[in-house]
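Here is the structure we will look at, set down as structure tokens.
The values are calculated or read from the model by the stated rules, or taken from the named source; none is laboratory data. Keep in mind that what you see is a predicted model, and the values were worked out from it rather than measured. Virtual Cβ from ideal backbone geometry, glycine too; neighbours counted across all protein chains shown. These area figures cover heavy atoms from the full protein model, side chains too; ligands, DNA and RNA do not enter into them. Shrake-Rupley method; radii C 1.70, N 1.55, O 1.52, S 1.80 Å.
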Amino acid sequence: ELLTEPAIERGLPPAIGPLRRRLLLMRLLLARTPDMTHEQAVRLAGELEGFLDETHHEEVDLAALDGLAPGELAEHWQETVRFLTLVRDHWPAVLAEEGRIEPALRRRRLLDALAGKWRREPPDRPVIAAGITGTVPCVARLLALVARLPQGMVVVPALDQTLDETS
């Protein structure tokens, strides 16, 4: 995120703040399950935040949620899928009403926009990505682009330089 440029940042809605996100997720949970305690809602909202972050990091489309647990699986898996439809079906409208987006989604869009800009207009200065691993797809794409830039370099932490060519 430190690499982004103001013009790219201004082109995206702001990320929802952590406290507001937690409170709005709690509101959704309590509306769905009115007998849930506030303590349960706080904890469950935190788990949903982690789930949402992971889906955005891994670029998973929640539209595929219905096929996640086939009918022959245990009922608790079916209930889990039904529960997760809450964030698929209702959370986007809450975010839209707030004029915000998920933090991990915003980060992904920022990095992809920066990569797009650098593809069109490679920087005229050295770009060095050091100590970053590419386990998140948008980060891996950005690292691959940096490695191809005219003055780009990727320094991989703890790279085993004795590996064979295939590895």
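GNM on the chain, alpha-carbon springs under 10 angstrom: the most fluctuating residue among 75, 98, 54 is 75. Remark on residue 101: its backbone amide H falls under 5 Å from those of 15, 16, a criterion applied only to residues 5 or more positions apart or on other chains, H modelled at 1.01 Å from N.
Given +1 at the Cβ of Lys and Arg, -1 at the Cβ of Asp and Glu and no other charges, the dipole of the stretch 1-70 around its Cα centre is 480 debye to the nearest 20. Across 153, 26, the residue with the most accessible area heads the list, and the full order at a 1.4 Å probe is 153, 26.
Residue order by solvent-accessible surface for 39, 49 is 39, 49, largest first, with ligands and nucleic acids left out and a 1.4 Å probe. If r is the Cβ-Cβ distance from residue 7 to residue 160 and R0 is 45 Å, what FRET efficiency results, to the nearest 0.05? Calculated value: 0.70. Between residue 120 and residue 53, the contour length at 0.36 nm per residue exceeds the Cα-Cα span by 21.2 nm. Per-atom-type breakdown for the stretch 1-65 gives carbon and sulfur 59% of the accessible area (1.4 Å probe, protein chains only). Projected over all directions and averaged, the alpha-carbon convex hull of the stretch 13-73 occupies 5.7 nm². Measuring with a 1.4 angstrom probe and ignoring ligands and nucleic acids, residue 166 comes out at about 140 Å² accessible. In the context of the full set of protein chains, the chain has a per residue accessible area of 63 Å² (1.4 Å probe).
How large is Rg/Rh for the chain, to two decimals, with Cα atoms and a Kirkwood Rh? Could you put the intermediate results ahead of the total?
Details: Rg = 20.0 Å, Rh = 18.7 Å.
Computed over Cα atoms, the ratio is 1.07.
Stretched out straight at 0.36 nm per residue, the stretch from residue 35 to residue 153 would grow longer than its current Cα-Cα span by 37.0 nm.
On full extension, the segment bounded by residue 167 and residue 112 gains 17.0 nm, given 0.36 nm per residue less the C-alpha separation.
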